[in-house]
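Data first, discussion second: the structure below is written as structure tokens.
The values are calculated or read from the model by the stated rules, or taken from the named source; none is laboratory data. From a predicted model like this one, the values you see are computed outputs, not experimental measurements. Every residue, glycine as well, gets a Cβ built from its backbone with ideal geometry; the counts of neighbours run over all protein chains shown. The accessibility values were calculated without ligands, DNA or RNA, using every heavy atom of the protein model including side chains. Shrake-Rupley method; radii C 1.70, N 1.55, O 1.52, S 1.80 Å.
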Amino acid sequence: MNQIPSNPENRDFERRLSEMSPFEIKGTLISLAEKDAQNSTATFLNAGRGNPNWLLSFPRKAFFLLGQFAVSEAERSPYDASIGIVASPTSEGVAKRFEAFLAANKDATAAKVLNHFYTHVVNDLKADPDEFVFELVDGILGDHYPTPPRILKYTEQIVREYLAWAMGGEGDATQFDLFATEGSTAGMCYIFDSLQQNFLLNRGDRVALLTPCFTPYIEIPQLEQFGLDVVYVSANKVERDGYHDWQYPPEELDKLRDPSIKAVFVTNPSNPPSYTFSPDALQRIVDIVKTDNPRLMVITDDVYGTFIKDFKSLMYAIPYNTCCLYSFSKYFGATGWRVAAMAFAPDNVFDARLRELGEDTKAVLRKRYESLALDPDKVKFVDRVVADSRLVGLNHTAGLSTPQQIQMALFSAFAYLHRQELQPKLIDMIHTRLNALWDATGFTLLPDPCRAGYYSEIDLMVWAKKFYGDDFAKYLNDNYEPLDFVIRLANETAVVLLNGDGFDGPKWSVRASLANLNRDAYVKIGKAIRSILEEYYTAYKNASAKK
């Protein structure tokens, strides 16, 4: 929507605007907020973004120092040193030269990080030193296609170890097959496409979606090319003394018992409520799948899991049924790096469903994948996803760029090796901001170990009732569009939040990101939220006085 009326707080404009994705509405809100900041003393505060305002510098320092070593390896064999034309490096003796390089730079933080990384992978993961260091050197220089296309050999082992800790699988012996992708956004596109290309999901098939959730999971199944029948499993019900606990009631989860539901898409912890499953809810899902719907395909997007201590992903609760998408964007402050991984257990329901397809369908798929193997029937689903990501014909050039994979390996090892000190600091930073926001609103934030707090979804109707009563809540609902609240916030206080109903949350809810501003900004945002609510209440009192 390009044209913003002079008075954006009108119901016709808000109704039309509400048809758009909240991420598209955000552009309008930013324009309003920036205009208000220019015309007043207000400070423009955008809490509509999930991009963190922190990053981890140590693994990045390690990356750039490693790059210096890698270039020096290439320059050992120049073709024309005057202009920097050099040969691709070789692996012979590269580990000893790397050790000498680290020793020469031993006082630098980057060298200490690299030495810790190298020692761990060689000693604990039993990597061959020359082979491993050559993967780092060749990978960071980016002078060859990713080989294997799915993920580099040692990178997979390193990321697998990190994910086992981050996703609640320490001690679990499952060796997941990983596919390194250009962020989880690419992973989402790839999984939807491959499920369809392999006839595991067809037009009109029934899938379930746990909501509130990241908006693309709502929008993609509705696209003409997919045309899926979506069953919504909602956590919107107000549960505890009129407060949200953002858990899925048993009767909602029980919808998954229907065997006609072929797949379920999960954001865990949720976005925007930012809660993981309670132990009871997690166990109920496990029981439902094992008892009533054992062929259910589960796609879980767990990017926020590392913001909950002892998080447990469905990839370890029901590994046979689950494809996990994990992005490094949030925990590491790395949205621009575009690094993520898809994980499949070696024995999984996706491959089982492929084996169950009819002979005519298998014949179509043999033709599709005949360039990959002598027996295309035996190509695993994860490898089909890789091939599909490059329209099969370009499978030999598929895969995430190798410099990105090396940074992902450094991220993984650093976070794993420093897990006891790093995770509490990041969790505390997020929760400090969250508490500042809620304290400033005057609303009550109940303690909850299932809360990640990366986002906060605030249901204004809950607080309208608790502060001012049911009559006021009815007045608010009857006289205003739900989008009016975020429009007013932007237009009158220069604060940008997203509308929660765009994530299939409660209609009068708003989403605040706790990642991209400092604590003091959330105090201002909390006060702005309460101020707008009181503005409505003043209008209600004036309207009531005229009756």
So, Asp172, is that one within 24 Å of the chain's Cα centre (by Cα) and either farther than 16 Å from Val382 by Cβ or part of a helix (DSSP H, G or I) (or both) or not? yes
It is to be established whether one or more residues within segment 520-538 are over 21 Å from Leu45 (Cβ atoms) and at pLDDT 95 or above. yes
Matching option when the condition is among the aromatic types (Phe, Trp, Tyr), within 13 Å of the chain's Cα centre (by Cα) and surrounded by 23 or more Cβ atoms within 10 Å (Cβ to Cβ), among Phe328, Phe344, Phe277, Phe350: Phe328
Can you give me the number of residues within segment 68-86 that are under 21 Å from Phe132 (Cβ atoms) and either of a type in the set (A, V, I, L, M, F, W, C) or at pLDDT below 95 (or both)? 4
Among the listed residues Phe64, Phe23, identify the single one that is over 17 Å from Glu492 (Cβ atoms) and at pLDDT 85 or above. Phe64
Residues that are modelled with pLDDT of 95 or more, of a type in the set (D, E, K, R) and more than 31 Å from the chain's Cα centre (by Cα): does segment 129-150 have at least one? yes
Where in segment 51-155 are there helices (runs of 4 or more DSSP H), lying wholly inside it, with at least 1 residues that are acidic (Asp, Glu)? 57-74, 94-104, 129-141
Please determine whether any residue of segment 484-501 is within 26 Å of the chain's Cα centre (by Cα) and open to solvent by 20 Å² or more (accessible area, probe 1.4 Å). yes
Just one listed residue, out of Gly333, Gly358, is touching a Pro at 6+ places or on another chain (Cβ under 6 Å) and either buried (at least 16 other Cβ atoms within 10 Å of the Cβ) or not aliphatic (A, V, I, L, M) (or both), and it is Gly333
What's the number of the condition Ala47 fails, among (1) open to solvent by 20 Å² or more (accessible area, probe 1.4 Å); (2) closer than 21 Å to Trp508 by Cα; (3) modelled with pLDDT of 75 or more? (1)
Within segment 197-213, work out how many residues are among the polar types (S, T, N, Q), more than 24 Å from Asn499 (Cβ to Cβ) and either open to solvent by less than 50 Å² (accessible area, probe 1.4 Å) or part of a loop (DSSP other than H, G, I, E, B) (or both). 2
How many residues, within segment 123-148, are under 22 Å from Arg60 (Cβ atoms), surrounded by fewer than 17 Cβ atoms within 10 Å (Cβ to Cβ) and β-branched (Val, Ile, Thr)? 0
Taking only segment 329-347 into account, find how many residues are assigned to a loop (DSSP other than H, G, I, E, B) and out of contact with any Asp or Glu (no Cβ under 9 Å at 6 or more places or on another chain). 7
Could we say that Ser18 is closer than 18 Å to Pro403 by Cβ and polar (S, T, N, Q) here? no
Selection over segment 245-283 where residues are farther than 17 Å from Thr322 by Cα, out of contact with any Asp or Glu (no Cβ under 9 Å at 6 or more places or on another chain) and aromatic (Phe, Trp, Tyr) yields a count of 1
Selected residue (only one of Val298, Val286 is touching a helix residue (DSSP H, G or I) at 6+ places or on another chain (Cβ under 6 Å), open to solvent by 10 Å² or more (accessible area, probe 1.4 Å) and on the phi < 0 side of the Ramachandran plot): Val286
Note on segment 425-444: residues open to solvent by 30 Å² or more (accessible area, probe 1.4 Å) and over 19 Å from Asn518 (Cβ atoms) are Gly442, Thr444
Where residues in segment 51-99 are among the charged types (D, E, K, R) and open to solvent by 70 Å² or more (accessible area, probe 1.4 Å), which of them is nearest to Ile427 (Cα to Cα)? Lys61
Let me confirm something: among Tyr190, Tyr154, Tyr118, Tyr162, which residue is open to solvent by less than 50 Å² (accessible area, probe 1.4 Å) and either at pLDDT below 95 or over 26 Å from Arg384 (Cα atoms) (or both)? Tyr118
Of the residues in segment 5-37, those that are part of a loop (DSSP other than H, G, I, E, B) and either more than 18 Å from Ser513 (Cβ to Cβ) or open to solvent by 40 Å² or more (accessible area, probe 1.4 Å) (or both) number 9
Given (1) on the phi > 0 side of the Ramachandran plot; (2) modelled with pLDDT under 95; (3) buried (at least 21 other Cβ atoms within 10 Å of the Cβ), Trp246 misses just (2)
Taking interchain pairs and intrachain pairs at least six residues apart, which have beta carbon atoms under 7 angstrom, with the first residue in segment 95-108 and over 16 Å from Phe134 (Cβ atoms) and the second part of a helix (DSSP H, G or I) and open to solvent by less than 50 Å² (accessible area, probe 1.4 Å)? Asn105/Leu65; Asn105/Ala111; Ala108/Leu65
Among Lys312, Lys255, which is in contact with a Ser or Thr (Cβ under 8 Å, 6 or more places away or on another chain), open to solvent by 10 Å² or more (accessible area, probe 1.4 Å) and modelled with pLDDT of 95 or more? Lys312
